[in-house]
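Okay, so here's the structure we're looking at.
The values are calculated or read from the model by the stated rules, or taken from the named source; none is laboratory data. Computed from a predicted model, the values in this text were never measured in an experiment. Cβ: placed from backbone, ideal geometry, glycine included. Neighbour counts: every protein chain shown.
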Amino acid sequence: MEAAPVVFVIDDDASVRSALSNLLRSVGLRTEVFASPQEFMHNAEPDGPACIVLDVRFPGRSGLDLQRDLTAANRPLPIIFMTGHGDIPMTVRAMKAGAVEFLTKPFRDQDLLDAVAVALDKDRVRRAGEKRLDELRARLGTLTPREREVLQLVIVGRLNKQIAGELGVSEMTVKIHRRHMMRKMQASRIVELVRIADQLGLSGTAAQ
């Protein structure tokens, strides 16, 4: 089962942290609050869908700095920025870097709740994609070196006879490797295998 979603609230104003936490909890969302970006960076990776509600301005490193730090650390959590001093260049930078929303204080409670719903859905989609890719990589890892060679030649359109010639083996041997490879990759048709290979980044390149 999916772990309960969590919303991280990061603001240096204790009253804002409390108000936002109470609002989010009132609709059944789990929250964790932090007073600074540095404090949040020591937090462990969440087990389930998550997003960040983040003030832009802090003493020292800003919310935009945290956004860059998370990207560099490969922690692509969706971010909802909030500020009382927003300007157009700041908004553009935040949105180009992948922010879900940029709310100017004071904002309506519903605007924040709507943005959080979008952000959590976005993280669910990301997590599902990563899980799917991990599963495909695990399948690829079960192939023998010869089966990987056959996989690469199959997805670029080679026929069994052509594969046999390129690998210096009999056509029957190719058929056996091909059958085992298709079973391990859980692909019943070539078009499905090509789709899987594309997701793994193997199309048109040598399978490693």
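Here are a few things to note about the model shown:
- Between Leu202, Leu143, the distinction of being at pLDDT below 95 and surrounded by 14 or more Cβ atoms within 10 Å (Cβ to Cβ) belongs to Leu202 only.
Residues checked against (1) surrounded by 17 or more Cβ atoms within 10 Å (Cβ to Cβ); (2) in contact with a strand residue (DSSP E or B) (Cβ under 7 Å, 6 or more places away or on another chain); (3) modelled with pLDDT under 75; (4) under 19 Å from Leu29 (Cα atoms):
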| position | (1), (2), (3), (4) |
| --- | --- |
| Ala72 | no, no, no, no |
| Ile79 | yes, yes, no, yes |
| His85 | no, no, yes, no |
| Glu101 | yes, yes, no, yes |
| Thr104 | no, yes, no, no |
| Asp109 | no, no, no, yes |
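- Boolean, Ala115 is within 21 Å of Thr71 (Cα to Cα) and part of a helix (DSSP H, G or I): yes
- Arg183 vs. criteria surrounded by fewer than 18 Cβ atoms within 10 Å (Cβ to Cβ), under 29 Å from the mean Cα position of the chain (by Cα) and either in a helix (DSSP H, G or I) or at pLDDT below 95 (or both): yes
- Whichever residue in region 21-76 is among the basic types (Lys, Arg) and more than 19 Å from the chain's Cα centre (by Cα) and, among such residues, is farthest from Val9 (Cα to Cα): Arg61
- Checklist (1) touching a helix residue (DSSP H, G or I) at 6+ places or on another chain (Cβ under 7 Å); (2) touching a residue at least 40 places away in the same chain (Cβ under 8 Å) applied to Pro46, failing item: (1)
- Residue that is nearest to Ala50 (Cα to Cα) [pool: residues in region 76-117 that are in contact with a Lys or Arg (Cβ under 7 Å, 6 or more places away or on another chain) and β-branched (Val, Ile, Thr)]: Val100
- Hey, Glu39 surrounded by fewer than 13 Cβ atoms within 10 Å (Cβ to Cβ), in the same structural domain as Glu101 (by TED's automatic domain parsing) and assigned to a loop (DSSP other than H, G, I, E, B) or not: no
- Hits in region 4-18 - residues which are at pLDDT below 95 and closer than 14 Å to Leu113 by Cβ: Pro5
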